[in-house]
């Protein structure tokens, strides 16, 4: 059973692995070359635009996956998955805040000359 959480009218940025399925929202799936046929320049530029938007989101998900061991769910209800994911996002925000504070302290120490 496939679950599509996209909403009507909102763009869905997906990689080439989802090229066969249609989302509920606006389809912004990367174009996949089939066989030995090359992509047109328009498709290549479209894939780059989609890739740039997706890379902004990939880093937090990579941290959540590696640091917090949050690679898959063992829960069956979407409400419980949403709550668990909310806690992992809160933990990521604390993790990012810790990095920002540590960097600021390091920069202040350089300025003071400690």
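Throughout, read-outs are computed from the coordinates displayed, never taken from laboratory work. Small disclaimer: the values here were computed from a predicted structure and weren't measured. Cβ placement follows ideal geometry from the backbone for every residue including glycine, while neighbour counts extend to all protein chains displayed.
Mind sorting 18, 92 by how few other Cβ atoms lie within 10 Å of their own Cβ, fewest first?
Details: 18 15, 92 18.
Neighbour counts put them in this order, fewest first: 18, 92.
Round to the nearest 0.05 the FRET efficiency obtained for residue 101 and residue 43 when R0 = 41 Å and r is the Cβ-Cβ distance.
Numbers: r = 44 Å, r/R0 = 1.06.
Plugging the Cβ-Cβ distance into 1/(1 + (r/R0)^6) gives 0.40.
Nearest 500 deg cm²/dmol is fine: what mean residue ellipticity at 222 nm does the chain get from its DSSP H runs of n ≥ 4 alone, each adding -39,500 (n - 2.57), divided by its residue count? Don't skip to the end; give the middle numbers.
Values: 2 runs with 61 residues, N = 114.
-19500 deg cm²/dmol, from helical runs alone.
Using the Kirkwood radius over Cα pairs, work out the Stokes-Einstein diffusion coefficient for region 1-58 at 10 °C and 1.306 mPa s, in µm²/s as a whole number.
On the way: Rh = 12.3 Å.
Taking Rh from Cα pairs, D becomes 129 µm²/s.
More than 21 Å apart: what percent of Cα pairs in the chain qualify? Can you show the working numbers first?
Working: 3821 of 6441 pairs.
That tail contains 59 percent of the Cα-Cα pairs.
Beta carbons within 10 angstrom, averaged per residue: use that to sort the peptides 23-29, 46-52, 100-106, highest first. Don't skip to the end; give the middle numbers.
Details: 23-29: 16.0, 46-52: 14.1, 100-106: 10.0.
Descending mean neighbour count gives 23-29, 46-52, 100-106.
Quote the FRET efficiency, to the nearest 0.05, computed for residue 84 versus residue 21 with a Förster distance R0 of 35 Å and r equal to the Cβ-Cβ distance. All intermediate terms of the calculation are to be shown ahead of the outcome.
On the way: r = 25 Å, r/R0 = 0.72.
That pair, residue 84 with residue 21, gives E of 0.90.
log₁₀ I(q)/I(0) of region 42-104 at q = 0.27 Å⁻¹, via Debye over equal Cα point scatterers, no solvent, to two decimals?
-1.10
Using alpha carbons only, how many degrees (0 to 90, rounded to 10) separate the axis of helix 41-66 from the longest principal axis of the chain?
Taking Cα atoms only, the helix is inclined about 40 degrees.
Compute the FRET efficiency between residue 73 and residue 36 as 1/(1 + (r/R0)^6), taking r as their Cβ-Cβ distance and R0 = 25 Å, and round to the nearest 0.05. Numbers along the way, then the final one.
Values: r = 39 Å, r/R0 = 1.54.
It comes out at approximately 0.05.
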